[in-house]
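A.B. asks: One structure follows; several queries about it will come next.
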Amino acid sequence: MGDVGILHVDDEQGFAQLTAELLERKDDRFTVETATSAAEGLQYLDDTLPDCIVSDFEMPEMDGLEFLHAVREEHQTLPFILFTGRGSEAVASDAISAGATDYLQKQSGTEQYELLANRINNVVTQYRSEKQLQQTREEYAAVFENTRNGLLLVDVEEDGFRFRRCNSRVLEFTDLMESELIGKTPLEALGEKNSQKIAGAYRKCVITRETIEYTLTLDHPVGKVIHEVSTTPIISNGQVEQLVVAFTDITERHNREQELLEERAVIQQALDALEHPLFVLSTDGHIEHCNERAGELTGHTGQAAEGLPITDLFPEAEREAITDAVDRSLGPGRATVTADLLTNGGHRRTYEFSGRSLTDLDGNTAGVVMIGQRISDD
């Protein structure tokens, strides 16, 4: 448990000092500070917060209950044990009602200090556990709320699922109000079509008892939204009791990717319309892409051509010249070379290839494009 700081408040200075000495003997983790009045105790609390307060009841000016009320105004959960010689049930009841953590009547003999030490240990252990739990909850809540993903906590019920908690990102992604989502089933919150997709994924997670990742397109008030989702089961006592669902809105990204695919398709059609062979090469001279005409001539099309050294498409005697042309294209940025392209039928066709360097968005050389112009039918 670690060191325990204790403030003992009692107007009888001799008794307060004796109690401090005996408590420290009972448990070497205890460090006991004493105060001879409630006012002095409150002044001590302004500078130092102990792990537990032990206070007498009958004290002049401000008794133990009044002291307790004053402490609770600033420290609502700090352990407070009323340790008094006045042991009526009324005092005990008043102390507990006022927020005392425990109540112990003074007795004769040293056994009372062992009992008091045990009570202190118990209340401090519970206090620290609850404090740690609260800190963990606050940290969890901060992460839950501030993550860039939408987060849902879903209860697994006997006949389905129910949304229990969400962060603000969920409401942002869906354009729903919290009252429209929390406490509702997927059907109640999102409609039949959406709920069928969602419940199907949730059931799969429950059955597999493992995290699953998937993409869903749902109809929300803002329109169709594409979600990239990860659903994780929370298992307690061998049963999947809850699901943690993390998701993000990838609609914009998906639309951009679709636009890029469409642009590439148009560009590919334009390249395939060329009557001349075209090769896109990496900086080390390997084929990254070729057009339809190049594939027809060489027999290497699509993925079969990717990664193939461009020199493999030419006679061995001309490969050095091809390599040189690629290197010159990467350097000054342009080069030409005349060479025989080996065709799919085992023939040669002479082309003048023009090479030009390609650059990325940062202006760095990314590769070479080579286009062949037919010279001879030999």
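A.B. asks: Given the chain, what percent of its DSSP beta bridges are antiparallel, to the nearest 5? Could the numbers behind the result be given before it?
C.D. replies: Working: 58 of 75 bridges.
Beta bridges within the chain, antiparallel portion: roughly 75 percent.
A.B. asks: Still on this structure: Stick to Cα atoms and the Kirkwood definition of Rh, then tell me Rg/Rh for the chain. Each step should come with its number before you reach the end.
C.D. replies: Working: Rg = 39.3 Å, Rh = 28.8 Å.
Reported Rg/Rh, Kirkwood definition of Rh: 1.36.
A.B. asks: What value, in deg cm²/dmol to 500, does the helix sum -39500 (n - 2.57) over DSSP H runs of n ≥ 4 give at 222 nm once divided by the residues of the chain?
C.D. replies: Values: 11 runs with 155 residues, N = 378.
Calculated from helices alone, the mean residue ellipticity at 222 nm is -13000 deg cm²/dmol.
A.B. asks: Hey, what did the chain get for relative contact order, percent, Cα under 8 Å, at least 6 apart?
C.D. replies: Normalised by residue count, the contact order of the chain is 8 percent.
A.B. asks: Checking the a/c ratio against 1.5 first, then a/b against b/c, what shape does the Cα gyration tensor give for segment 1-141?
C.D. replies: Cα axes put segment 1-141 in the prolate bin.
A.B. asks: Can you sort M370, M62 by 1.4 Å-probe accessible area, starting with the largest?
C.D. replies: On the way: M370 5, M62 55 Å².
Accessible-area ranking of M370, M62, largest first: M62, M370.
A.B. asks: If you don't mind, another one. Under 5 Å between amide hydrogens, which residues at least 5 positions from H75 or on another chain qualify, with H placed 1.01 Å from N in the peptide plane?
C.D. replies: The answer is none.
A.B. asks: Take the alpha carbon atoms of segment 251-378, find their radius of gyration, then divide it by 2.2 N^0.38 Å using N residues; give the quotient. Don't skip to the answer; put the middle values down first.
C.D. replies: On the way: Rg = 15.4 Å, N = 128, 2.2 N^0.38 = 13.9 Å.
Cα Rg divided by the expected 2.2 N^0.38 Å: 1.11.
A.B. asks: Report, in listed order, any pair from K106/K131; K131/K184; K197/K224 with a Cα-Cα distance greater than 23 Å.
C.D. replies: Violating the 23 Å Cα-Cα cut-off are K106/K131; K131/K184.
A.B. asks: For L171, tell me the accessible area in Å² from a 1.4 Å probe, rounded to the nearest 10.
C.D. replies: 40
The values are calculated or read from the model by the stated rules, or taken from the named source; none is laboratory data. Here the structure is a predicted model, which is why all the values come from computation and not from measurement. What goes into the accessible areas is simple: the full protein's heavy atoms, side chains included, and nothing from ligands, DNA or RNA. Shrake-Rupley method; radii C 1.70, N 1.55, O 1.52, S 1.80 Å.
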